[in-house]
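Remarks on the structure that follows.
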Amino acid sequence: MRIKAGCTLVLLASAFAVVGFSGRAQDTASASAAGNVRTIQIQAKKFEFEPSEITLKKDQPVTLELTSEDVEHSLVVPGLGIHGVMKKGETTDVAVTPPKTGDFKGKCGKFCGMGHGKMHFVVHVIN
Ligand SMILES: [Cu+2]
């Protein structure tokens, strides 16, 4: 009888731990959904990005929402590890948390026509 009661207690404790953990996970998710993470929309079209430069804060997470008005492009910013496809009718979310300040050059990473090489982008990261 005493052993049985002990087992029940352990089971209850484990169940509580699981519930407690998933509760915390949900809090984190709803915190992001509540708008703590800034989103920035970036559109590509032949042959430019709109906007063509953005300013981010060091260590602050943002979500880039990438899309295209015409053919497939992509946004590549090697210095910040950004690489996302940009397709008409689709949005690609790219999460970025800049680890350092500076100006980081980006470009289109998908050949999209004669003006492809002119598609430049700049990310300014400030403190
Ligand atoms: Cu392009």
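Only the coordinates and a few stated rules stand behind these numbers; no lab work does. Just so it is clear, the structure is predicted and the values come from calculations on it, not from any experiment. Reconstructed Cβ throughout: ideal geometry from the backbone, glycine too, with neighbour counts over all protein chains shown.
Results, tabulated for the structure shown:
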| read-out | value |
| --- | --- |
| Residue list for region 97-116, filter: away from the ligand (no atom under 12 Å from the Cβ) and part of a loop (DSSP other than H, G, I, E, B) | Thr97, Pro98, Pro99, Lys100, Thr101 |
| Residue that is nearest to the chain's Cα centre (by Cα), among those in region 57-75 that are farther than 15 Å from Thr97 by Cα and not in a loop (DSSP other than H, G, I, E, B) | Leu66 |
| Region 117-127, residues that are in contact (Cβ under 8 Å) with a residue 12 or more places away in the chain and not in a strand (DSSP E or B) | Lys118, Met119, Asn127 |
| Candidate set: region 38-56, residues that are within 22 Å of Lys100 (Cα to Cα) and surrounded by 15 or more Cβ atoms within 10 Å (Cβ to Cβ); chosen: the one farthest from the ligand (Cβ to nearest atom) | Leu56 |
